[in-house]
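Report on one structure; see the data block that follows.
What follows draws every value from the coordinates through simple rules; no lab data is involved. Predicted model, so just to flag it, every value in this text is computed and none were measured. Here the Cβ is made from the backbone with ideal geometry for all residues, glycine too, and neighbour counts use every protein chain on show.
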Amino acid sequence: MREVKKSVISIPEVKETLEKIDIEKADQIQKRTLDYASKFSKTEPEKARKMRERLVKECSLTEEEAIELINIMPKSIEEVRVFTSGWKKLLSTDVVEKIIKILTEA
């Protein structure tokens, strides 16, 4: 039995992964997921990976938190606060500004 590796990836990375499969052989879920990822991907996969790395390292976010922000790509302090309010940790304005800078530089 093959071991399945699980990891959290961003929407751009989902799109990149699904684009590698033959769409004719894809099942309905794969096709719908690719359609969704194509419509809602807001950056390139490589940029998303670099952003995730920086958000985790420079802003002390978890992989999951970084991915959530990359998928949404908030552009203001207020937008970041909406998404981070449920995280059970308070981010300083400096950290929120750093998050926005990382997301907009990509």
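Miscellaneous remarks
- The C-alpha atoms of region 45-105 occupy a region whose extents along the principal axes are 28, 19, 18 Å, arranged from largest to smallest.
- Every helix of 4 or more DSSP H residues in the chain counts as -39500 (n - 2.57), and over all residues that averages to -19000 deg cm²/dmol at 222 nm.
- Per-residue Cβ neighbour rank within 10 angstrom, fewest leading, 1, 73: 1, 73
- With 10 Å bins from 0: P(r) over the chain, alpha-carbon pairs, percent: 14, 42, 28, 13, 3
- Of the cross-linked pairs 20/42; 39/75; 57/101; 5/75, those separated by over 24 Å at the C-alpha level are 5/75.
- Where GluC sites (Glu not before Pro) fall in DSSP loop in region 1-92, at most 12 other Cβ within 10 Å: 3, 19, 24
- Among complete DSSP H helices in the chain, those whose alpha-carbon atoms stretch at least 15 Å along the helix's long axis and whose mean Kyte-Doolittle hydropathy reaches 0.0 are 93-105.
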